[in-house]
Amino acid sequence: MSSADKFKEMRKGFGLAQAVAEADRCLLCHDAPCSEGCPADTKPAEFIRKLRFKNITGAIRTIKQNNILGGACGVLCPTHRLCEEKCSAMFKSQNRPEGAEHPIQIGMIQRFLVEHSWDRGFKVFEKAEPRAEKIAVVGSGPAGLSCAAELAKDGFQVTVFEARPEPGGVLRYGVVSYRFDMNFLEHEMEDIKALGIEFQCNSPIQGKQGAEKLLKDGFDAVFLGPGLWDAATIKAQGQDIDGLLSSVDYLSALRDGRFEEMENKVKGKTVAVIGGGSVAMDCVESAVKLDAKDVYLIYRRSFTQMPAEPDERIEAQEAGIHFLLLNQPVDYVSDEKNKLRGIKLVRTQLGDPDESGRRRPEAIEGSEWVMDVDIVIEAIGNKAPAESPQWYPSVEVDDKRLVKVNPDTGQTSVEGIFAGGDIVRGPALVVTAVQDGKVAARAIKDYLGR
């Protein structure tokens, strides 16, 4: 099997019988807690109830009307700590000796319903009568797509400016194909494009006052959702080391189909991935698929403190990943040709909790050591580009270059400019970015007097 084939296998979702059987477990709660647990207000209680009573098209409408990226969220959301964590079915047998039942698999039902709509050619939305107002959306990630769709549904003329060759943001360039494949994304994009939204790709909004200029060019409002595409690094001056990669560059290459290029770098090599989140898990598992000799995950805290989801951690273990915990990278070792030879580490121990609620890792004095590696992939988070404040110099940003907004409206410090997604929150979930887009769209409609 080629490397490309290994990355095409997206896990199959529910069929009709499975989805209906799962919906039949619903307790039909009055004030359903599962709906309260969805950050994007996708209303899982409503669509599950409709599916249970065999109103499949009604269930699909509920999802798409409330979340234009309902399919993506069904696949990518950490539902076990959102809607499913609130599910009453999970608790109904708590007092029985065998313990509680598992929650209804809401994400799987949601994914099924969206895929079923594509299989049947069912279209939820008709293109609205056009209005005169024009809105510019900067960035086509989840926040930008959500905002654009909500506005287009009401007939606003929306133009999305995307710096990369294709729209989708992190959904296209930041998630490995075996978790979320291109075919699935294209179906989701077709639903969005059918609303009449114009996409201008290879069109970065850069340069001084790039965003503000859109207002002068005739747009009545602007939504900023460019995402975070600069990778954090433990040693900025070491970024030119041969063998040191960022997770952004590595995953983008795999999404672009450059499997042979990445395989040439990784195959038969010892690979270390720094980080403990979902992105790090994508990096280690994909390195295994590219036939790396050994793959290590280096994390400065403990296994249970990793931000990655429990099933992701288990899958990584089953794939043969070596977990190197309570070790913190501090530097790199390279030869005279600037080729990576190793990574300098210091062992850590857990101290008092920090602002995240997790126990803070503290370096153990005298415990420094060097690990021999061929490739290191840094997956320690993304940040706003250093030059990004120049794109909207009148917009207030914080010390991390994240845009400051009114959380109730997405309004920035500049009248007519709104923002949402990672450029506001920092790295966050797809579903929260979707909600940011919805919130900003409502505020833009109010700003323009509907």
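The values are calculated or read from the model by the stated rules, or taken from the named source; none is laboratory data. Here the structure is a predicted model, which means the values were calculated and not measured. Please note: Cβ atoms are built from the backbone with ideal geometry, for glycine as well, and neighbour counts cover all protein chains shown.
Quick notes
- Contacts under 9 angstrom Cβ, first residue in segment 132-143 being of a type in the set (K, R), partner surrounded by 24 or more Cβ atoms within 10 Å (Cβ to Cβ) and not in a loop (DSSP other than H, G, I, E, B), 6 or more apart: K134/V158; K134/A221
- Just one residue in the set E261, E285 is within 23 Å of the chain's Cα centre (by Cα) and not in a loop (DSSP other than H, G, I, E, B); that residue is E285.
- Exactly one residue out of A128, A136, A148, A132 is of a type in the set (G, A, S), touching a Leu at 6+ places or on another chain (Cβ under 7 Å) and at negative phi, and it is A136.
- Checked against the criteria, R255 counts as closer than 20 Å to E9 by Cβ and either touching a residue at least 24 places away in the same chain (Cβ under 8 Å) or surrounded by fewer than 19 Cβ atoms within 10 Å (Cβ to Cβ) (or both).
- Residue that is farthest from N66 (Cα to Cα) [pool: residues in segment 409-440 that are within 12 Å of the chain's Cα centre (by Cα) and hydrophobic (A, V, I, L, M, F, W, C)]: A428
- Positions within segment 150-172 being under 15 Å from A221 (Cα atoms) and part of a helix (DSSP H, G or I), in sequence order: E150, L151, A152
- Failed condition for H80, given (1) assigned to a helix (DSSP H, G or I); (2) at pLDDT 95 or above: (2)
- Of residues in segment 49-86 being more than 18 Å from C147 (Cα to Cα) and of a type in the set (A, V, I, L, M), the one nearest to the chain's Cα centre (by Cα): L76
- Test: residue in segment 422-433 that is hydroxyl-bearing (S, T, Y) and within 21 Å of P226 (Cα to Cα): yes
- Where K235 falls short, out of the listed (1) outside the structural domain of V430 (by TED's automatic domain parsing); (2) crowded, with 16+ Cβ neighbours inside 10 Å: (2)
- Of all the residues in segment 158-175, those that are modelled with pLDDT under 95 and among the aromatic types (F, W, Y) number 1.
- Taken together, the residues in segment 226-244 that are outside any helix (DSSP H, G or I) and either in contact with a helix residue (DSSP H, G or I) (Cβ under 8 Å, 6 or more places away or on another chain) or not hydrophobic (A, V, I, L, M, F, W, C) (or both) amount to 13.
- In this structure, Y178 does satisfy being aromatic (F, W, Y), surrounded by fewer than 18 Cβ atoms within 10 Å (Cβ to Cβ) and at pLDDT below 95.
- Total residues in segment 369-381 satisfying the condition of being assigned to a strand (DSSP E or B) and either surrounded by 14 or more Cβ atoms within 10 Å (Cβ to Cβ) or polar (S, T, N, Q) (or both): the figure is 5.
- Restricting segment 334-359 to residues that are part of a loop (DSSP other than H, G, I, E, B), at pLDDT 90 or above and among the charged types (D, E, K, R), the residue that is surrounded by the most Cβ atoms within 10 Å (Cβ to Cβ): D335
- Counted residues, segment 258-284 - those being crowded, with 23+ Cβ neighbours inside 10 Å and of a type in the set (D, E, K, R): 1
- Condition met for Q110 (of a type in the set (S, T, N, Q), within 29 Å of Y173 (Cβ to Cβ) and surrounded by fewer than 24 Cβ atoms within 10 Å (Cβ to Cβ)): no
- The set of residues in segment 205-225 that are under 26 Å from the mean Cα position of the chain (by Cα), more than 22 Å from K445 (Cβ to Cβ) and either at pLDDT 90 or above or not in a loop (DSSP other than H, G, I, E, B) (or both) contains only G210.
- When each of D230, D154 is tested for being under 20 Å from S278 (Cα atoms), touching a residue at least 12 places away in the same chain (Cβ under 8 Å) and of a type outside the set (A, V, I, L, M, F, W, C), the lone residue that passes is D230.
- All of L228, L245 fail the test of being touching a strand residue (DSSP E or B) at 6+ places or on another chain (Cβ under 8 Å), surrounded by 16 or more Cβ atoms within 10 Å (Cβ to Cβ), farther than 27 Å from C77 by Cβ and not aromatic (F, W, Y), apart from L245.
- Residue pairs meeting the criteria (Cβ under 6 Å; at least 6 apart or on separate chains; first in the same structural domain as E212 (by TED's automatic domain parsing), in segment 416-430; second hydroxyl-bearing (S, T, Y) and part of a loop (DSSP other than H, G, I, E, B)): A419/T412
Yes or no, residue by residue, for (1) more than 26 Å from E309 (Cα to Cα); (2) touching a residue at least 60 places away in the same chain (Cβ under 8 Å); (3) touching a His at 6+ places or on another chain (Cβ under 8 Å); (4) hydrophobic (A, V, I, L, M, F, W, C):
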position	(1), (2), (3), (4)
G381	no, yes, no, no
A386	yes, yes, no, yes
Q390	yes, yes, no, no
K404	yes, no, no, no
D408	yes, no, no, no
Q411	yes, no, no, no
A440	yes, yes, no, yes
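- Test result for S394, surrounded by fewer than 18 Cβ atoms within 10 Å (Cβ to Cβ) and of a type in the set (S, T, Y): yes
Listed here are the residues, each with its yes/no results for (1) closer than 19 Å to L345 by Cβ; (2) among the β-branched types (V, I, T); (3) at pLDDT below 95; (4) surrounded by fewer than 22 Cβ atoms within 10 Å (Cβ to Cβ).
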site: V295; (1), (2), (3), (4): yes, yes, no, no
site: R300; (1), (2), (3), (4): yes, no, no, no
site: E309; (1), (2), (3), (4): no, no, yes, yes
site: E315; (1), (2), (3), (4): no, no, yes, yes
site: H322; (1), (2), (3), (4): yes, no, no, yes
site: D331; (1), (2), (3), (4): yes, no, yes, yes
